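Step one of this worksheet: look at the structure below.
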Amino acid sequence: MLNNQSRMALKLPILSLLALGLVYCSPLNYPSLAAETKDTKIAKDTKDECDVTCVDPHAACVESQKVIDTLHEMAKAINKGDFEHFAEYFDENVTTFDDITKQLLVGKKQVIARIKERYEQSVQASEAHAVSYTIYQPYAKVHGNMATVTCVLRKVMGGKHPVVFESHDTKVFVKEGDKWKELHSQGLWKKVSS
């Protein structure tokens, strides 16, 4: 049984991590998110391939930068609709929570199938494909062969009336050989403007 001092010692690191997450995920840290005119301009000017950018990354070490680079490559692959290449960045035992069905998805095949299904629904629901995809202030921290990433994702769907979606994500990666692969992801896409 733990005494009060031991309980407090265990709670402090957890509270510190939560506070750090709130600081990094605070809308006050993302002044560019409020610049709807910039997103609208991108949506009108970009007609071909989706523009994928990474704004102000925070890599805790050299290896953390490799994780952020992996996240960037994943974004480029999905926005091309290249699910074969996209799937290469996932561990065989990847998990995610489906916010619509309220179920835990387990395994690369199931997770990729659901992402592909939602991608296709998103494309059908919009007048055009995503014209920009921005990863805001990704923070990556490596712990041995595991890494944690937090970031804000923003995509702009094109057409006459661009629609902007945003997701605050937390991802866990595992290093397999010399490659980082997603092991778990949690995020929730929400429409922020239309």
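Below, the figures for the structure above:
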{"read-out": "Which numbered condition Phe86 misses (of (1) aromatic (Phe, Trp, Tyr); (2) assigned to a helix (DSSP H, G or I); (3) farther than 19 Å from Val52 by Cβ)", "value": "(3)"}
{"read-out": "Checklist (1) in a helix (DSSP H, G or I); (2) at pLDDT below 90; (3) of a type outside the set (D, E, K, R) applied to Ile68, failing item", "value": "(2)"}
{"read-out": "Any hit, segment 133-150, residues being in a strand (DSSP E or B), more than 27 Å from Glu92 (Cα to Cα), in contact with a helix residue (DSSP H, G or I) (Cβ under 9 Å, 6 or more places away or on another chain) and at pLDDT below 90", "value": "no"}
{"read-out": "Single condition Thr101 does not satisfy, out of (1) hydroxyl-bearing (Ser, Thr, Tyr); (2) without any contact (Cβ under 8 Å) to a residue 12 or more places away in the chain; (3) under 17 Å from Asp69 (Cα atoms)", "value": "(3)"}
{"read-out": "Qualifying residues in segment 159-175 (those that are more than 16 Å from Val123 (Cβ to Cβ) and under 15 Å from the mean Cα position of the chain (by Cα)) - the one surrounded by the fewest Cβ atoms within 10 Å (Cβ to Cβ)", "value": "Thr170"}
{"read-out": "Hey, Phe83 among the aromatic types (Phe, Trp, Tyr), surrounded by fewer than 18 Cβ atoms within 10 Å (Cβ to Cβ) and in contact (Cβ under 8 Å) with a residue 60 or more places away in the chain or not", "value": "no"}
{"read-out": "Test: residue in segment 152-159 that is farther than 16 Å from Ser194 by Cβ, touching a Phe, Trp or Tyr at 6+ places or on another chain (Cβ under 9 Å), assigned to a strand (DSSP E or B) and modelled with pLDDT of 85 or more", "value": "yes"}
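The values are calculated or read from the model by the stated rules, or taken from the named source; none is laboratory data. Model, not experiment: these values are computed from the prediction. Note: ideal-geometry Cβ built from the backbone for every residue, glycine included; neighbour counts use all protein chains shown.
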